[in-house]
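Shown next, in structure tokens, is the structure this report addresses.
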Amino acid sequence: MQTTLQAARKASVLAILAGCAVTPSALASLTSTYQFNGKGNWSIDAVGSNSSPVGIVEAAVPVGSTVEKAFLYSSRVFNLSAPTIDFDGTVYGAASWTPLGINVGVLQAFRTDVTTQVKSKIGGGSGARFSFGVNEIDDNGNTDGEVLVVVYSNPAEVERTIGVLDGFSASTGDS
């Protein structure tokens with residue numbers, strides 16, 4: 001994969017040099033998906049593996065918290081179709097995922113909202129971490145892993161703004 005990405009980058013640079021008379025337009029590849037304002041915080045964890053099941057992602061949510069939003073992310077390489085992921089016993093198929101953009105023609109990221117499922121398991125939080133099993137059902141070596149992002153409110157936290165931005169960045173650079 002590294003060689004393919006390097007070749008794609010070189011091809012992109014050559015294309016830019018060949019068309020240097022044309023000014024490339026700016027890309028807005030990251031967009032705001034969710035914003036929280038108030039007393040709260042966030043937890044993020046990721047897992048990637050060639051094993052089946054893949055492993056676990058964890059959420060650290062303290063006592064007295066309320067899960068406001070939770071997203072599961074996945075990415076695929078050389079197969080741009082949406083994945084099928086078993087997330088802690090709930091299967092998220094192709095229709096569940098929002099595609100976030102294709103990079104270099106071979107890498108695609110996806111997002112799905114798992115708030116209800118995460119909120120149900122976490123409840124009002126605890127002093128421990130909450131574990132969620134991950135299994136890539138239709139992997140065939142094309143799925144790069146998953147990320148769990150959890151945003152929670154908690155009256156013991158300080159006031160803050162938490163923004164979840166997602167999408168992709170061009171490997172040749174964005175402006």
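The values are calculated or read from the model by the stated rules, or taken from the named source; none is laboratory data. Since this is a predicted model, take the numbers as computed values, not measurements. FYI the Cβ positions are ideal-geometry reconstructions off the backbone, even for glycines, and counts take in every protein chain you see. Side chains are part of the model used for accessible areas, which takes the heavy atoms of the whole protein and leaves out ligands, DNA and RNA. Shrake-Rupley method; radii C 1.70, N 1.55, O 1.52, S 1.80 Å.
Restricting attention to the range 112-130, does a residue exist that is touching a helix residue (DSSP H, G or I) at 6+ places or on another chain (Cβ under 6 Å), under 20 Å from VAL54 (Cβ atoms), open to solvent by less than 40 Å² (accessible area, probe 1.4 Å) and of a type in the set (Ser, Thr, Tyr)?
Applying the first criterion (touching a helix residue (DSSP H, G or I) at 6+ places or on another chain (Cβ under 6 Å)) to the range 112-130 yields 112, 130.
Next, only the ones that are under 20 Å from VAL54 (Cβ atoms) stay: 112, 130.
If we keep only those that are open to solvent by less than 40 Å² (accessible area, probe 1.4 Å) too, we end up with 112, 130.
With of a type in the set (Ser, Thr, Tyr) added as a condition, the list becomes 112.
Checked against the condition, which is being touching a helix residue (DSSP H, G or I) at 6+ places or on another chain (Cβ under 6 Å), under 20 Å from VAL54 (Cβ atoms), open to solvent by less than 40 Å² (accessible area, probe 1.4 Å) and of a type in the set (Ser, Thr, Tyr), the range 112-130 yields at least one hit.
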Test result for ALA170, at pLDDT below 90 and in contact with a helix residue (DSSP H, G or I) (Cβ under 9 Å, 6 or more places away or on another chain): yes
Candidate set from the range 63-106 (those that are crowded, with 17+ Cβ neighbours inside 10 Å and β-branched (Val, Ile, Thr)); member that is modelled with the highest pLDDT: VAL67
Members of the range 68-108 found to be over 15 Å from the mean Cα position of the chain (by Cα) and at positive phi, listed by number: PHE78, ASP88, GLY89, VAL104, GLY105
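Which residues, taken from the range 29-54, are assigned to a strand (DSSP E or B) and surrounded by 16 or more Cβ atoms within 10 Å (Cβ to Cβ)?
Listed by number, the residues that qualify are THR33, TYR34, PHE36, GLY40, ASN41, TRP42, SER43, ILE44, ASP45, VAL47.
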Conditions (1) over 16 Å from the mean Cα position of the chain (by Cα); (2) modelled with pLDDT of 95 or more; (3) under 20 Å from VAL47 (Cα atoms): number failed by ILE137: (2)
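Take PRO62 and decide whether it is under 21 Å from GLN35 (Cα atoms), touching a residue at least 24 places away in the same chain (Cβ under 8 Å) and not in a strand (DSSP E or B).
It is true that PRO62 is under 21 Å from GLN35 (Cα atoms), touching a residue at least 24 places away in the same chain (Cβ under 8 Å) and not in a strand (DSSP E or B).
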Contacts under 6 angstrom Cβ, first residue in the range 36-58 being closer than 15 Å to VAL164 by Cα, partner of a type in the set (D, E, K, R), 6 or more apart: PHE36/GLU68; GLY40/GLU157; ASN41/GLU157; ASP45/GLU58
Given (1) surrounded by 15 or more Cβ atoms within 10 Å (Cβ to Cβ); (2) touching a residue at least 40 places away in the same chain (Cβ under 8 Å), index of the condition GLU159 fails: (1)
